[in-house]
1. In whole Hz and in residue order, list the ³J(HN,Hα) couplings for the range 135-152 that follow from phi through the Karplus curve 6.51 cos²θ - 1.76 cosθ + 1.60, θ = phi - 60°; x for Gly and Pro.
2. Have a look at 217, 165, 126 and report the one farthest towards the positive end of the charge dipole of the chain, computed about the Cα centre with Cβ charges (Lys/Arg +1, Asp/Glu -1).
3. Compute the distance from the alpha-carbon center of the range 75-111 to that of the range 161-222, in whole Å.
4. Roughly what angle does helix 164-181 make with the longest principal axis of the chain, taking Cα atoms, 0 to 90 degrees, to the nearest 10?
5. Note the full-extension length gain between residue 147 and residue 163 as 0.36 nm times their separation in residues minus their Cα-Cα distance, in nm to one decimal.
6. State in Å² the accessible area per residue of the chain; use a 1.4 Å probe, count heavy atoms of protein chains only, and round to the nearest integer.
7. To the nearest 0.05, what FRET efficiency results for residue 99 and residue 172 with a Förster distance of 45 Å applied to their C-beta separation?
8. Angle between the Cα long axis of helix 56-68 and the longest principal axis of the chain, 0 to 90 degrees, nearest 10?
Amino acid sequence: MDIFFIVLAAAALFGLALLGASLGAIFVAWRQAKRSGLSVSFAEAQALTKFFDLEEEFLSACVQFKQIDPKVSVVDLVRHCMADGDTHKLLVHWKQLKAAHVQITLKSLVLYDLAGKDMDQLILNLNREYVLMIPEINEHGLSAYYYCKFKISGDSSGWITPDIQSFKTTIKEKITLAMLTGDLSDFEALAHFIQEEYLNEKFWKKLCHGQIIDQQIRISKG
């Protein structure tokens with residue numbers, strides 16, 4: 001029994017030693033970041049301990065990221081750097097995206113960068129607007145006109161290429177179904193119902209991570 005307690009005490013002391021060393025490393029990283037003008041959370045300071053040598057150059061880049069967007073997490077920057085990413089190159093891309101008023105998270109930019117995406121092309125895709133138009137859908141003695149201008153969300157546009165023809169088929173089916181089963185006494189109300197229930201934000205997000213810019217439906221007697 002005495003041996004058991006000795007082993008238990010030794011394990012506890014070893015655990016405390018490891019914890020002390022870990023906390024000490026976190027404090028050192030936090031203090032070094034602080035001296036460089038970078039305010040970090042406990043989780044961010046802990047991430048910084050992954051570096052064998054915490055360079056001032058990296059900390060300076062982190063400061064600039066935070067100045068542009070305080071919500072940026074140093075944890076993401078550490079992960080990018082540990083995956084052999086170029087932090088300063090990433091900073092240039094981040095500035096480009098912000099100047100282009102693109103809504104995108106740093107995590108998505110990190111993935112784009114590590115995947116070797118062309119940044120100029122990416123910015124074009126991030127700002128690109130798509131138009132989908134179905135000039136005439138005839139069903140049940142009615143005629144419907146559909147128009148939508150949309151874009152792909154910034155976190156997805158680098159991975160998704162919209163299939164307009166496929167989208168047209170899906171949307172036409174939904175409008176046709178609504179024309180067959182909806183209230184035909186008020187065309188304006190029916191069009192509004194289709195937009196709110198069938199072709200709403202949830203539909204476009206599931207379809208292609210799309211964001212509606214403008215959407216119009218007009219229904220009339222065929």
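The values are calculated or read from the model by the stated rules, or taken from the named source; none is laboratory data. Predicted, not measured: the structure shown is a model, and the values here were computed from it. All Cβ positions, even for glycine, are placed from backbone atoms using ideal geometry, and neighbour counts span all protein chains on display. Quick note on the areas: whole protein, heavy atoms, side chains included, nothing else; ligands and nucleic acids left out. Shrake-Rupley method; radii C 1.70, N 1.55, O 1.52, S 1.80 Å.
1. Calculated HN-Hα couplings, in order: x, 7, 10, 9, 6, 6, x, 10, 10, 10, 10, 10, 9, 8, 10, 9, 9, 8 Hz.
2. 126
3. 36 Å
4. The answer is roughly 60 degrees.
5. Gain on stretching residue 147 to residue 163: 4.2 nm.
6. 60 Å²
7. On the way: r = 39 Å, r/R0 = 0.87.
Efficiency, from the Cβ-Cβ distance: 0.70.
8. Tilt relative to the chain: about 40 degrees.
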